[in-house]
Amino acid sequence: MPTERLQKIIAAAGVASRRKAEELITSGRVQVNGKMVTELGTKADAEQDHIRVDGKLLRGPERYSYIVLNKPKGYVTTVSDPEKRPTVMDLVRSVRGRVYPVGRLDWASEGLLLLTNDGELANALMKASSNVSKTYVVKVAGQPEETKLEKLRRGVSIAEKGGRRVRTAPARIKLIREGDNPWLEVTIVEGRNRQIRKMFEEVGHHVEKIRRVQYGPLTLDVPPGEFRSLSLEEVAKLRKAASGSKAPRANPVR
């Protein structure tokens, strides 16, 4: 195996991000074959060299896991919760290795959630510039007029944490089930906190239920509370989606 930069080896082993690994090296917390290394340009062989971080021997590159979970209502999308509520991590305890949620679904929302330990892919998917679409089925209170739906399609001003208001990017919206409280299919390219709920509140309609059914090339196909691993082809499609063209950004509203 060819030699690689030390920070890349440490990051691949799942110890820390590459930037954090650089800090570990420069602060003298890394040893290679018993000698302290502080130069960022240092290379090593992950198979042959004994690399220690804070005295602990690296076990080699961490195998990547890619999981799609059907998140039920009543779980928070965090690794832990100070309020002791159930988290999505409780549903994937049998997965080998550490995986983390990519993006969030709020406590009351359901549906497709991606979890992985591939930090590079996760960061690429969450960047606004990736333009990865997310499709939801949404049940709203009352029947929104077509003019209101058209307003949502063009983009509306919503409040973010701290009171700053932003304009959402254009959305695709279509009616899929009529009724006093109809179901709509909503596709967006952003992932702002409680975005769809806030969008409908802006036009006077409360969201009663929301379920994510698609994330980029992935479609929800497992029962609530269950998960499956992605195929190599699905991972390749996700990588391609993450490297897509720039998405329309939400513009600050003055």
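The values are calculated or read from the model by the stated rules, or taken from the named source; none is laboratory data. Bear in mind the structure is a predicted one, so any value in this text is a computation, not a measurement. Neighbour counts run over all protein chains shown; Cβ positions are idealised from the backbone, glycine included.
Okay, residues lined up against (1) in contact (Cβ under 8 Å) with a residue 24 or more places away in the chain; (2) in the same structural domain as Val32 (by TED's automatic domain parsing); (3) closer than 30 Å to Val32 by Cβ; (4) in contact with a Gly (Cβ under 9 Å, 6 or more places away or on another chain):
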residue: Lys73; (1), (2), (3), (4): yes, no, no, no
residue: Asp81; (1), (2), (3), (4): no, no, no, no
residue: Pro86; (1), (2), (3), (4): no, no, no, yes
residue: Asp90; (1), (2), (3), (4): no, no, no, no
residue: Arg96; (1), (2), (3), (4): yes, no, yes, no
residue: Val99; (1), (2), (3), (4): yes, no, yes, no
residue: Gly103; (1), (2), (3), (4): yes, no, no, yes
residue: Asp106; (1), (2), (3), (4): yes, no, no, no
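For the range 130-169, filtered to residues that are assigned to a loop (DSSP other than H, G, I, E, B) and in contact with a Leu (Cβ under 9 Å, 6 or more places away or on another chain), the residue that is farthest from His205 (Cα to Cα) is Val132. For Ala159, state whether it is among the aliphatic types (A, V, I, L, M) and under 26 Å from Gly244 (Cβ atoms). Judged against the criteria, Ala159 is not a match.
Among the residues of the range 72-95, none qualifies, meaning not one is hydroxyl-bearing (Ser, Thr, Tyr), modelled with pLDDT of 95 or more and farther than 20 Å from Met126 by Cβ. In this structure, is Gln31 touching a Lys or Arg at 6+ places or on another chain (Cβ under 7 Å), assigned to a strand (DSSP E or B), farther than 24 Å from Ser229 by Cα and not hydrophobic (A, V, I, L, M, F, W, C)? Answer is yes for this residue.
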